[in-house]
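The values are calculated or read from the model by the stated rules, or taken from the named source; none is laboratory data. Remember, it's a predicted structure, so these values are computed and weren't measured experimentally. Note that we place each Cβ from the backbone using ideal geometry, even for glycine, and neighbour counts take in every protein chain shown.
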Amino acid sequence: MSNRRNDKPVIVQSDRTILLETDSAAYEDARDCLLRFAELVKSPEHIHTYRITPLSLWNAAAAGLKSTDIIAGLERFSRYEIPQNIQADIRDILGRWGRIRLRRDEEDPTRLVLECDDPLLVAELLRHRLLSPYLIGHENRRRLFIKASDRGNVKAALIRIGFPAEDLAGYVSGAPLDIALRSVTRSGKTFQLRRYQQEAADTFHAHGTEQGGSGVIVLPCGAGKTVVALAVMARTRVKTLVLTTNTVALRQWRDELLDKTTLSPDDIGEYSGEEKTVKPVTIASYQILVYRKGKKGPFIHFDIFDREDWGLIIYDEVHLLPAPVFRATASLQARRRLGLTATLVREDGHEEDVFSLIGPKKYDVPWKILEKQGWIATAVCTEIRVNMSSEERYRYAVAPPRDKYAIAAMNPAKYTFCRKLVAKHAQDNVLIIGQYLEQLDVLARMFNAPLITGKTPVRERERLYQEFRDGKVKLLVVSKVANFAIDLPDANVAIQVSGTFGSRQEEAQRLGRILRPKQDGSQAHFYSLVSRDTCDQDFSVKRQLFLVEQGYRYEIIDEDAF
């Protein structure tokens, strides 16, 4: 065929899927291009499949990418001509971003205005069942009026209709906060923002204009997402509420604030199950916010959102944001909102809610780029397929479907292989990570190692984490409580013995535990033990998607060949 270019690794198909050959010399450049506007669907050895979706294109548009940029990128790497319908879809879907604009009503502060230059689209919106409940009037079929309090609900409705609103309604100022970044930390180290951290903060802030002030920063674990948040706080200089995953993470945030900013201990409050103090910067855990007495009772701590004059709300690990907090966030649209995450993948499918209620993706850097620059550790990812004994295989074969995964994940043969890996890495700092407490308890006894689970008191967790950092403890056995927001810079080996089914976000967090750059420049090793020919192996394929998406080659080894 005259239009075929055999040296190009990409094939664009008319159903919005894109195939990428991994053995091409241009693979990495093509992958980084595709990740800006497409989602990875599956990743077997030789050909990866991506899909263009409206949300992936709107995130690209919000980050400043134009349809001409996307089409040019596809043309650069495509083996065949790009189907005409795909080019038309990209232009159409991307063109929907910004057609509806949300602005404040200068005449009535209780109202907001939806502006649109297309009268036919306005006519459709006036009658749409998802939007009409929020409309309180219109002017010349060009301007639709809504209550200011419905700002989040309207944005969520519009993205479901297929026309996301560009929110230009601005934000309340919030109470002022005297904060600056230090050039020398309290611990005596020179401190300055890395280039990508500065770029991320600048992109979010957008010189204080309506184009900034809400959105998500996507950076790998270990790349300093917290530092980006500190930079944003120093830019906005307003009273700030930080929401994070648990009390241990909360206190690590407090330590970072005290170490790298001019804030004093009196400026920082903790709002958790142990203490409830509100200060100019208040750090709260998601658990306390979703606490209620009884399954149908009110969330008794939600008033923290409204009782203070917050100018900025930071959502740490936004991919884990509980659904009730989404509902609360719908009414917080007048406040600046910053989401931090290593992956926008949500296992509950609420990516659209992150987009509409927290904000679109503002900044993203592929993990491999930061690895090449030395900002995160080089990692080797290995899946080891472990056999099951005849007895365990029979148990698995006759078990009801709901029990099969637990049987496969807790395969006793994994214990033997853990011994091999721990012996191989006897001089390293090792984390054994799993899902099932029974399995983890066996491993902790086997290695005479500390076990950290959700039942471990916060002070005990902090003590064990610190002993690991100090080198007094070389091996920790941890449950999913260590998936996120735990700063263990010297951890360089992770052994995953079981996981949450096919969770890509969990894979991201667990790999992230070992990606802090090492002082000696050594490699990190991420092992995943998987029971052969079971649903454990099937789910591992789904988890691998994240690693491949970020550029890691996932080596698969049979236990007999190790």
> When segment 276-293 is examined, which residues are found to be modelled with pLDDT of 90 or more and loosely packed, with under 15 Cβ neighbours inside 10 Å?
Replying inline: LYS276, THR277
>> Within segment 199-212, does at least one residue satisfy the condition of being farther than 21 Å from TYR315 by Cβ, among the hydrophobic types (A, V, I, L, M, F, W, C) and modelled with pLDDT of 90 or more?
In response: no
>> Being farther than 15 Å from ILE495 by Cα and of a type in the set (A, V, I, L, M) is true for just one of VAL386, VAL380, VAL365, VAL422. Which residue is that?
In response: VAL365
> Among the residues of segment 156-167, is any of a type in the set (Asp, Glu) and surrounded by fewer than 15 Cβ atoms within 10 Å (Cβ to Cβ)?
Replying inline: no
>> Among the residues of segment 346-404, what is the count of those that are within 16 Å of the chain's Cα centre (by Cα) and part of a strand (DSSP E or B)?
In response: 4
>> Among the residues in segment 308-323, are any hydroxyl-bearing (Ser, Thr, Tyr), surrounded by fewer than 20 Cβ atoms within 10 Å (Cβ to Cβ) and either modelled with pLDDT of 85 or more or not assigned by TED's automatic domain parsing to the domain that holds GLU210 (or both)?
In response: no
>> For the structure I just gave you, tell me whether TYR171 is over 30 Å from GLN13 (Cβ atoms) and either under 27 Å from the mean Cα position of the chain (by Cα) or charged (D, E, K, R) (or both).
In response: yes
>> Take the conditions touching a strand residue (DSSP E or B) at 6+ places or on another chain (Cβ under 9 Å), modelled with pLDDT under 85 and either closer than 26 Å to ASN448 by Cα or outside the structural domain of TYR27 (by TED's automatic domain parsing) (or both) and apply them to LYS474. Does it pass?
In response: no
> Taking into account only those residues within segment 121-152 that are among the aliphatic types (A, V, I, L, M) and part of a strand (DSSP E or B), which is surrounded by the most Cβ atoms within 10 Å (Cβ to Cβ)?
Replying inline: LEU144
> Has segment 411-423 got any residue that is touching a residue at least 60 places away in the same chain (Cβ under 8 Å), exposed (fewer than 15 other Cβ atoms within 10 Å of the Cβ) and outside the structural domain of GLN252 (by TED's automatic domain parsing)?
Replying inline: yes
> Quick one: what pairs do we get from segment 291-306, first residue more than 14 Å from TYR271 (Cα to Cα), second assigned to a loop (DSSP other than H, G, I, E, B) and at pLDDT 80 or above, C-beta under 9 Å, 6+ apart or different chains?
Replying inline: ARG292/PRO298; ARG292/ILE300; ARG292/HIS301; LYS293/ILE300; PHE299/VAL290; PHE299/TYR291; ASP306/SER331; ASP306/LEU332
>> Return the pair list, or none, for Cβ contacts closer than 6 Å from residues in segment 95-118 that are at pLDDT below 90 to residues that are part of a strand (DSSP E or B) and acidic (Asp, Glu), at least 6 apart or on different chains.
In response: GLY98/GLU166
> Tell me, which strands (runs of 3 or more DSSP E) lie completely within segment 10-60 with 1 or more residues that are over 27 Å from ASP353 (Cβ atoms)?
Replying inline: 10-12, 17-21, 47-51
> For segment 13-40, how many residues meet the condition of being among the hydrophobic types (A, V, I, L, M, F, W, C) and touching a residue at least 60 places away in the same chain (Cβ under 8 Å)?
Replying inline: 2
>> Here is a check on your reading of the model: is ARG51 in contact with an Asp or Glu (Cβ under 6 Å, 6 or more places away or on another chain), closer than 30 Å to ALA165 by Cβ, of a type in the set (D, E, K, R) and outside the structural domain of GLU352 (by TED's automatic domain parsing)?
In response: yes
> Which condition does SER187 not pass, out of (1) touching a helix residue (DSSP H, G or I) at 6+ places or on another chain (Cβ under 7 Å); (2) surrounded by fewer than 17 Cβ atoms within 10 Å (Cβ to Cβ); (3) more than 23 Å from ALA491 (Cβ to Cβ), if it passes all the others?
Replying inline: (3)
> Here are some conditions: (1) under 29 Å from the mean Cα position of the chain (by Cα); (2) part of a loop (DSSP other than H, G, I, E, B); (3) farther than 26 Å from ASP255 by Cβ. ALA426 meets all but one. Which one does it not meet?
Replying inline: (1)
>> Checking the condition under 25 Å from GLY269 (Cα atoms) and among the polar types (S, T, N, Q), which residue from THR185, THR190, THR209 passes?
In response: THR185
> Limited to segment 91-100, what total is found for residues that are surrounded by fewer than 17 Cβ atoms within 10 Å (Cβ to Cβ), in contact with a strand residue (DSSP E or B) (Cβ under 9 Å, 6 or more places away or on another chain) and more than 13 Å from ALA62 (Cβ to Cβ)?
Replying inline: 1
> In segment 223-262, how many are among the basic types (Lys, Arg), within 17 Å of ARG194 (Cβ to Cβ) and free of Cβ contacts under 8 Å to residues at least 40 places away in the same chain?
Replying inline: 1
> Can you tell me which residues in segment 343-369 are surrounded by fewer than 21 Cβ atoms within 10 Å (Cβ to Cβ) and over 30 Å from VAL154 (Cα atoms)?
Replying inline: VAL365, PRO366, LYS368, ILE369
